[in-house]
Structure formats: structure tokens, C-alpha cells
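Single-structure report; data block below.
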Amino acid sequence: MFAFIASRILQAVPVLLAVGLIAFALFAYVGDPVTIILGQDATDAQRRALAHDLGLDRPFFVQYAHYLWSAAQGDFGISLRLAQPVSALIAERLPATLELAVTASVLAFAVGVPMGVHAGIHRDSFVSRLFMVVSLIGVSLPTFVLGILLILVFSVSLNWLPSFGRGPVVAVGSWWTTGFTSWAGIRALILPAVTLGLFQMTLIMRLVRSEMLEVLRTDYIRFARARGLTDRAIHFSHALKNTLVPVITIIGLQFGGIVAFSLVTETVFQWPGMGLLLVQSVVSADIPVMSAYLLLIALLFVAINLTVDLLYFCVDPRLRALGRRAETRGR
Amino acid sequence: MTLLSVRDLVVEIPSRRGLARPIDGVSFDIEKGEILGIVGESGAGKSLTGAAITGLLPNPGRIAGGMVLFDGNRIDDLPATRMRRLRGRRIGMIFQDPLTTLDPLFTVGQQLVETMRTHLPLSDTAARTRARDWLDRVGIPAANRRIDAYPHEFSGGQRQRVVIALALCAEPDLLIADEPTTALDVSVQAHIIALLRALARERGTAVMLITHDMGVIAEIADRVAVMYAGRIVEIGPVDAVIRHPTHPYTDGLMGTIPSVARRLDRLRQIDGSMPRPNGTRDAMPVGCAFHPRCPKVFDRCRQERPVLHTAGASLVACWLA
Ligand SMILES: Nc1ncnc2c1ncn2[C@@H]1O[C@H](COP(=O)(O)OP(=O)(O)OP(=O)(O)O)[C@@H](O)[C@H]1O
Ligand SMILES: [Mg+2]
């Protein structure tokens, strides 16, 4: 188990180094920070002095190593647009994005799995067909269209839910903020979370459905019926558990996607998260923020992959056995 | 006392080409404590007969005629919940392929305990003790330790024994065993056969034993039914059917089994092959289904389908009997 985790972390290092290189190349070579900071009219001496202060006259790999080292300590440089440390900006935005992404994922999972199970068991029922049609819409409707539609219906026409912003938030600990403590904060979360989660929900539903159909045809399910187990035990204990391995993969990878691409939803709802920060940074060519964003997303994907692998371990004894065998061979 | 009675069973499976009838009028009885062997070449309908009795026909197959009586009551038209309570508890079933019949994500102990507790009023600990006993009885060494192992940690033969334990653990009155010993080596096979025989003699468990292995039949079956193209062509006491086969097909079957009775695969030595009821109109020959291959065929065989009638100690479907 420990060896497995260690080897996975080792495998992730080259990925992070490569992404770090791209982030650094962006940081160092796109735009000219000296000009941006000093303006067009600076003298050559001023420019050289600043370049030296910023370390821009050092060799490439020294700068790269320095960049990574700083990043590892949470120092991503200074935002060109806002003249604040990038880390502070991100720390300010991260809770909003994570709260939105986690809520959307939980929603997608909590609704998508039962729908998929139902559609898999009663494949020809009216409700299942309805699910399939609705899910087709969910898969094909672009996020921004869905967001705008939801705003039109629930904010403009019905005036039930706010159309933008995060509502009131409360600080928790030194840097986390949450909107969950007040009703207004939760209400502000509903529309963005539904918008962000609907695509994932339909995806999960379709995946669970097709996996269920597959598993229900297997010999061990037939034998479970021959053993006289209840439908409940067959469907929810045996069949569902066997569909979980692929479902976990998709949900894990989707969560990375949700965070990385929440920028559309965040833009539509003016949600003060990292996606919105990225969009604003791209508009004003704020390279340090973009580099930091890139690195963080890579780190997130690596963490998710590791979590997914660990979940496999918990679900599937055959993988546990493989892991154990690999470990003994390693020794 | 008759435990299971199958009467004129017809199974139909709709397909794109038409309505196939893989079981076409099968009738037989099994007494309490009796072991009935079912033999016949691949595709004869042996497995489907077992599936029809337990209400587990593959979709979209269905029982289109006849009936199944169990312990005096009709069970082919039972509501799903009542049929479920019968399965496992009163009718145990073993499927053909042991490698895929166990749920890979649960330990064998969990699967045994789950099965027993579904049917019997047992505490978790009591069920676990019994699970260990069952593994022991079917010949899994170190049952105490192996009870917490997952199916993939067992060999094919051991898995088949676990499957047998699962089918027997709620102590059914009838066991439908579809090739229960095919995957096993000879010594394990002997062990399982002894176990089945002990169950039949001591507990009065009736066994419907589907197999290709005439050796197994000769060893433990009381009676044997020979199936051909969805029908029973001969059924009777093992000795009579094996030593003095009446139906030309049975005769060919025994003739192809060189003195020491063994595998039925050699049956291909009878010229031609068995017709498959695939739903098209001329898939099945008119009259007796065996007539195109029969060495003793005459006119009547090509026109009229023979029904089972008494011939000596057996029932035979042949115009010559
Ligand atoms: N799910 C199904 N759909 C369509 N036809 C089927 C299905 N299952 C079985 N059949 C057909 O029904 C007939 C009988 O099949 P069955 O499985 O009962 O044969 P069997 O006697 O058990 O053969 P084997 O010795 O190979 O196990 C065959 O012709 C087969 O093609
Ligand atoms: Mg079969």
C-alpha cells in the first residue's frame, strides 16, 4: 500500500516538472515584465537594474529552478494587474471555486447514480426513457446557455434565486471562506452548482446505466438470482458495487474538469472564484496568475488521480492483490 | 414421492429470424432423494430446461406451454417474489462456468453468509460457522482461513466447489447441477460425487444432474434422460438406458462411448449434426428430429413425430420401440 502510493507520487513528479516548465516559460518569456512595470519611457540603466533585481539576467535553468522552488513555497510572483502577490489572490479565490465544484460534484453524484441505477434496472420503463431524453439535453446543452436559461427562469422571471455573486461569506480559519453558513450564501450557490453539475450528472447517469446493464448480464448476477437473493441485494449490493470502479474513474477525472473549466460558469454568474480570476488575467495578460493557475490545476489532477487509484484499492480486491504482489516483487 | 414434475414444457425464444423453440414438449419427474441424469449433445436444451424450472430463462425467453410442479404446487406461474423465496432455499442451482459465477468483489464467506441469512433465521456468527463447515464439506482445505478470501484467490476447481457450497448452503430439496464437475480433476470430482450421493441418500435431496460425462451418470444417477433437439428421446433407469439403449440415438451415444463410458463429445461420430431450432421454418425436420441421422429410418419417421411410450423399463420416443 505504502509502496504503491510512493510509486504513484514518484510517477507524478515528471508531470509536475513538465507543467512547471511550461508555466515558467509563460512566466518568463510571454510579455516583458520590465516594460510592463517601468513603462515605455524607462532608461536602459533602469531596465537593466530591474531585470537584475527580478533575476531575469540569470541562466534559464537557474531561473526555472528558482521559479519552482518559490512556487513550492507558495510564492508565484506578483500579479501585474493588481500588484498583489499571486498566492494571496489565489488563496482569496480558491475557496469559492472549491465550494462550487464540490457542491456541483456531490449534486451530480447524488442525483446521477440513483437515476443511472434506476435506468439500468428498469431499462424500458417510462421514467428511464424520460431520463435518457433529458440526459441527452444535459449532455448537448452548452454550459453558458444553460446558465443563462436558469438565470432567466429562476432569477428574472420567478425572482427566487440571485443571478450573480457568492452572497455573504464567513471566514473560517486563516484563509478559507464559506458561503454555507447563511441561507443567502446557499441560495447564491444553487444556480451555479446546477449549471456546473448538470453535464456531469447526465454523464454519470449514462455511465452508471450502461455499466448496470452490462453487470446485470453477468453470470455472477444470474447466480445471485439462483441463490434467491432479494432484488435489493442483487441490484444495490452486487450490481452497483461492480459498476463502481469505472464510475469512480469518471467522477474523479470529471472533478478535475469541473474545477479547471468552472470558468464559464463563474463568468456567467460572476462567481468570485479562480475561473473568473483566470478570465480577468487573460484579458489583461497577467502572466504570473496564469502560470500559477496552470501549476495548481496540474497539481489538482495529480492529486485526483492518486485518490482515484486509492479508491480502486478499496473497492476491488483483485487490484489489492496485484498491488501486494507488486510490492513483494519490489522488495 | 414425486418432488418435481415437468409436464410438456415448451420454451420459446423470439429472435430476429423468428420464434425459436429450444425446448419442445419435455416431461419428466424427479422423486425425493433421486438423482436424475440429463445427457445429450451440446445445444440439446439441457441448460434451458434447468433455467425454465427455476424461472431464470435468459431474456427474452419464456415458458410458452406446459407446467412445472414442485412439491405438488405449480411454480411456473408464481409471482417473482415467491419464486425468489423458492430459489436457493428449496431449489438450488449450479451453473456451468465456475470461473464467472462468483461475485469478484465479495469474499466467499460473505457470499455464503448472505445466502444463508436470506433464507434461514441465522445470526451472523452462526451463519459464519456454517459457512466454514460448508467449505470444509465441499473439500476446501484450511476453510478457517479461506473463508475470508476472494474468488480470484481460488483455483478453478476450488471455485466450483465454492459454487456448490453456495447452492447447497440453504439446504434445498432439489439441486439442479449443470455440469458441476466438468472443471474438476478426477479426485475432486470423486469427492463432489460422493457429496451429492450422500446428500441424496441421507437428506433426501433430489438432484437433476446435467452432464456430458457418462461415467458420472453411471456412477451416481438412478435414472437418466437423453435429450435431443429440445426433446427427451429416452428416459429410464441408468442400467437399462446404458446397457440396453432402445432409441437409435441413445444406441449411437453408447456405441460411441468405448467400453469405459466417457465423454459425449465423440458423438460427432454419428453422421450429421443435431438440428438447431433457430426460429426459421425449416430448421427442424418434419417428423422425428433424429431421422436425417438415423440408421434405421423409415417412412413414418419422416412424417410423424414419435411421442414417449413405454418400452421395457424405459420411456422411448421412437416408432421402432
Ligand atoms: N439466450 C439464448 N438466446 C437464444 N437462444 C439460446 C439462448 N440460450 C440457449 N439458446 C439455444 O437453445 C438451445 C439449447 O441451449 P442449452 O444451453 O440448453 O443447451 P445445452 O444442452 O445446455 O448445451 P451444452 O451442453 O453446450 O451446455 C441451443 O440451440 C441454443 O442455441
Ligand atoms: Mg448447457
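The values are calculated or read from the model by the stated rules, or taken from the named source; none is laboratory data. The model shown is predicted, which means the values in this text are computed figures rather than measured ones. Reconstructed Cβ throughout: ideal geometry from the backbone, glycine too, with neighbour counts over all protein chains shown. Please note that ligands, DNA and RNA were not included when accessible areas were found on the heavy atoms of the full protein model with its side chains. Shrake-Rupley method; radii C 1.70, N 1.55, O 1.52, S 1.80 Å.
Please check: in the Gaussian network model of chain B (C-alpha springs, under 10 Å), which one of B:ARG293, B:ARG159, B:ARG16 has the largest mean-square fluctuation.
B:ARG16
Which is farthest toward the positive dipole end of the protein assembly as shown among B:TRP134, B:VAL26, A:PHE76, measuring Cα position about the Cα centre, with Cβ charges +1 (Lys, Arg) and -1 (Asp, Glu)?
Going by the Cα projections, it comes out as B:VAL26.
So for the pair B:ARG300, A:LEU319, with labels modelled 7 Å out along Cα→Cβ, what separation do we get in nm?
Taking the simple label geometry, B:ARG300 and A:LEU319 are separated by 6.8 nm.
Using a 1.4 angstrom probe on the protein heavy atoms only, line up B:LYS46, B:LYS32 by accessible area, largest first.
B:LYS32, B:LYS46
Report, ordered by chain and residue number, the lysines lying within cross-link reach of B:LYS32, taken as a straight Cα distance under 27 Å and ignoring same-chain residues fewer than 8 apart.
B:LYS46
Quick check: convex hull of the Cα atoms in the range A:92-330, volume per residue, rounded to a whole Å³?
Cα convex hull per residue, to the nearest whole number: 173 Å³.
Rounded to whole Å and sorted largest first, list the principal axis extents of the Cα atoms in the range B:1-75.
Projected onto its principal axes, the Cα set of the range B:1-75 covers 43, 27, 18 Å.
Ordered by packing density, taken as the mean number of other Cβ atoms within 10 Å over each peptide's residues, highest first, how do B:1-8, B:314-321 rank?
Going from most to least packed, we get B:314-321, B:1-8.
Can you give the average number of partner chain beta-carbon atoms within 10 Å of each beta-carbon in peptide B:117-129, as a whole number? Don't skip to the end; give the middle numbers.
Numbers: counts 0, 5, 3, 0, 0, 0, 0, 0, 0, 0, 0, 0, 0.
The shielding value for this peptide is 1.
Which value, in Å to one decimal place, does the Kirkwood hydrodynamic radius take for the protein assembly as shown when every pair of different Cα atoms is included?
Working: mean 1/r = 0.0331 Å⁻¹.
Here the Kirkwood hydrodynamic radius works out to 30.2 Å.
Along each of its three principal axes, how wide is the spread of alpha-carbon positions in the range A:2-72, in whole angstrom units, largest first?
For the range A:2-72, the Cα extents along the three principal axes come out at 57, 17, 16 Å.
Work out the length of the dipole vector of the range B:1-58 about its Cα centre, built from +1 on the beta-carbon of each Lys and Arg and -1 on the beta-carbon of each Asp and Glu, and round it to the nearest 20 debye.
300
Show that you can apply the helix-only estimate: for chain B, add -39,500 (n - 2.57) for every DSSP H stretch of four or more residues, divide by all residues, and state [θ] at 222 nm to the nearest 500. Walk me through the numbers on the way to the answer.
On the way: 11 runs with 97 residues, N = 321.
Dividing the helical sum by the residues of chain B leaves -8500 deg cm²/dmol.
What distance in nm separates the simple spin-label points at B:LEU120 and A:ASP53, each placed 7 Å from Cα in the Cβ direction?
About 8.5 nm separates the two model spin labels.
For chain A, what does -39500 (n - 2.57) per DSSP helix run (n ≥ 4), summed and divided by total residues, give at 222 nm, in deg cm²/dmol to the nearest 500? Can you show the working numbers first?
Working: 14 runs with 240 residues, N = 331.
Roughly -24500 deg cm²/dmol at 222 nm, from the helical runs in chain A.
When Cβ neighbours within 10 Å are restricted to other protein chains, what is their mean count per residue of peptide A:231-242?
Partner Cβ neighbours, averaged per residue: 2.
Please work out how much accessible surface A:THR177 shows to a 1.4 Å probe, ignoring ligands, DNA and RNA, in Å² rounded to 10.
Here the residue's solvent-accessible area equals roughly 30 Å².
When the Karplus curve 6.51 cos²θ - 1.76 cosθ + 1.60 is applied with θ = phi - 60°, which whole-Hz ³J(HN,Hα) does each residue of the range A:97-106 get, with x for Gly and Pro?
5, 5, 4, 5, 5, 5, 4, 4, 5, 4
So how much accessible area does B:GLU153 have, in Å² to the nearest 10, using a 1.4 Å probe?
In the full protein context, B:GLU153 sits at about 80 Å².
Can you sort A:PHE24, A:PHE126, A:PHE4 by 1.4 Å-probe accessible area, starting with the largest?
The most accessible residue leads, giving A:PHE126, A:PHE4, A:PHE24.
In debye to the nearest 20, how big a dipole does the protein assembly as shown give about its Cα centre with +1 on each Lys and Arg Cβ and -1 on each Asp and Glu Cβ?
1160
Under a 10 Å cutoff between Cα atoms, tell me which one of A:ALA45, A:ALA71, A:ALA171 has the largest fluctuation in the Gaussian network model of chain A.
Looking only at A:ALA45, A:ALA71, A:ALA171, the largest GNM fluctuation is found for A:ALA45.
Treat every Asp and Glu Cβ in chain B as -1 and every Lys and Arg Cβ as +1, leave all other atoms uncharged, and give the resulting dipole magnitude about the Cα centre to the nearest 20 debye.
420
Taking the solvent-accessible surface of protein heavy atoms with a 1.4 Å probe, what is the per residue accessible area of the protein assembly as shown in Å²? Don't jump to the answer; show the numbers that get you there.
Values: 30370 Å² over 652 residues.
For the protein assembly as shown, the solvent-accessible area averages 47 Å² per residue.
Can you pull the accessible area of B:ARG74 for me, 1.4 Å probe, Å² to the nearest 10?
100
If I take R0 = 45 Å and measure r between the Cβ atoms of A:VAL133 and A:VAL15 in this structure, what FRET efficiency does the formula 1/(1 + (r/R0)^6) give, to the nearest 0.05? If you can, show how the numbers build up before the last one.
On the way: r = 40 Å, r/R0 = 0.88.
After rounding to 0.05, the efficiency reads 0.70.
So how far apart, in nm, are the two label points at A:THR35 and A:LEU82 if each is 7 Å from Cα heading toward Cβ?
Label at A:THR35, label at A:LEU82, 2.6 nm between them.
Extension gain A:LYS241-A:VAL279, at 0.36 nm per residue separation less the Cα-Cα distance, in nm?
Extending this stretch completely gives an extra 9.7 nm.
Using a Gaussian network model of chain A with C-alpha springs under 10 Å, which one of A:GLY77, A:GLY167, A:GLY55 is most mobile by mean-square fluctuation?
It is A:GLY55.
Quick check: with the 1.4 Å probe, what order do A:TRP69, A:TRP176, B:TRP134 take by accessible area, largest first?
Largest to smallest exposure gives the sequence A:TRP69, A:TRP176, B:TRP134.
Just to confirm the number: angle between the C-alpha axis of helix A:126-140 and the first principal axis of chain A, 0 to 90 degrees, nearest 10?
Once rounded, the angle reads 20 degrees.
In whole percent, how big is the carbon plus sulfur part of the accessible area of chain B, probe 1.4 Å, protein atoms only?
About 49 percent, which is the carbon plus sulfur part of the accessible surface.
By how many nm would the segment from A:THR307 to A:THR249 lengthen if fully extended, with 0.36 nm per residue of separation less the alpha-carbon distance?
Contour length minus Cα-Cα distance gives 19.9 nm.
Within 10 Å of each Cβ in B:94-107, how many Cβ atoms from other chains are there, averaged over the peptide?
Counting Cβ atoms of other protein chains within 10 Å of each residue's Cβ and averaging gives 5.
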